[in-house]
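> Dropping the structure in here first, questions after.
The values are calculated or read from the model by the stated rules, or taken from the named source; none is laboratory data. The structure presented is a predicted model; accordingly, all values stated were derived computationally and were not measured. Reconstructed Cβ throughout: ideal geometry from the backbone, glycine too, with neighbour counts over all protein chains shown. Remember, those area values only see protein heavy atoms, side chains included, never the ligands or the DNA or RNA. Shrake-Rupley method; radii C 1.70, N 1.55, O 1.52, S 1.80 Å.
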Amino acid sequence: MTAIIRAYQTKDKESVIHCMKSNVPAHFAVSEIDDLIYYLENEIEDYFVLEYHGEIKAASGINYEPKRGKLSWDFVDADAQGKGFGSKLLNHRLSILRNNTAIDLITVRTSQTAFQFYEKHDFVVQRIVKNYWADGFDLYEMTYQPKPTTQL
C-alpha cells in the first residue's frame, strides 16, 4: 500500500494533534500543542495529511501572503520518521507553490531540530533567533533556493 496525500478535514484534527504530540519534546515544545490547535481551528489555508495503511502519519500546510508561500505546521509521526513521508509532503507542497504564478518566494520557519531536512531540499537559512518557539527551540527562517538544473 502506498502513502496517500489528501486535504485535511476537520475529522482529522485529533489524529493530527496525536501525530504532533509524538514529536514532543524532541521537536516541539509542549506549549506548541495549543498553537497547533489554534492554527487548525483558525488559520488553515491549504493543509494536507499523509495516510499510510489508513492512518495519518504526517501533516503539513501552506499559508499565503502576497507573492509568498509559507510552509507551515509540518511533522511526521515519530514512529514513521525516516520512511520518506516528510519529503513526499514537502514535494507535494513545493509542486503546488511552483505552479502558482502569483508566488515568487517560498519560505519555512522551523527549528534547529529540522532545518537540515530543509537544507537537503534546497532551503537556505536566512536568520536564526534563539529560544523563539520556546526555551531551547530556536527559530530558523529559511527560503527555497533551488539549484539550477543542467541540461545536455
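> Quick one: Cα convex hull volume of the stretch 8-138, Å³ per residue?
Cα convex hull per residue, to the nearest whole number: 111 Å³.
> I've got another one for you. Would you pull out the residues with amide H under 5 Å of Gln112's amide H, same chain only if 5 or more places away, H placed 1.01 Å from N?
Distant-sequence amide H within range of Gln112: Asp138.
> Another question about this same structure. How long is the gain from Ile96 to Ile128 if the chain were fully straight, where each residue apart is worth 0.36 nm and the alpha carbon distance is subtracted?
8.8 nm
> What GluC sites (Glu not before Pro) in the stretch 9-101 are in a loop by DSSP, with at most 11 other Cβ atoms within 10 Å of the Cβ?
Within the stretch 9-101, the qualifying GluC sites (Glu not before Pro) (loop, at most 11 other Cβ atoms within 10 Å) are Glu45.
> A further question follows. Quick one: net charge around Tyr47, please, counting Lys, Arg +1 and Asp, Glu -1 for every other residue with C-beta under 11 Å from its C-beta.
Summing Lys/Arg as +1 and Asp/Glu as -1 gives -2.
> Taking only the alpha-carbon positions of the stretch 27-102 and ignoring solvent, what does the Debye formula give for the base-10 log of I(q)/I(0) at q = 0.11, 0.14, 0.20 Å⁻¹?
-0.30, -0.49, -0.95
> Helix-only mean residue ellipticity at 222 nm, the chain, DSSP H runs n ≥ 4 weighted -39,500 (n - 2.57), per residue, nearest 500. What is it?
Helix-only estimate at 222 nm: -7500 deg cm²/dmol.
> If you keep only loop residues by DSSP, which trypsin sites (Lys or Arg not before Pro) in the stretch 71-152 have at most 11 other Cβ atoms within 10 Å of their Cβ?
Lys120
> Which values of log₁₀ I(q)/I(0), to two decimal places, follow from the Debye formula for the stretch 1-62 at q = 0.20, 0.28 Å⁻¹ with a uniform point scatterer at every Cα?
Debye intensities relative to I(0), on a log10 scale: -0.76, -1.28.
> Moving on. Mind putting a number on the dipole of the chain about its Cα centre? Charges go on the C-beta only, +1 for Lys and Arg and -1 for Asp and Glu, and I need it in Debye to the nearest 20.
Once rounded to the nearest 20, the dipole reads 580 debye.
> Per the 1.4 Å probe, what fraction of the accessible area of the stretch 13-72, in percent, lies on carbon and sulfur atoms?
Exposed carbon and sulfur together represent 48 percent of the surface.
> For the stretch 93-151, what value does the Rg/Rh ratio take when both radii are computed over Cα atoms and Rh is the Kirkwood radius, given to two decimals?
On the Cα set of the stretch 93-151, Rg over Rh gives 1.05.
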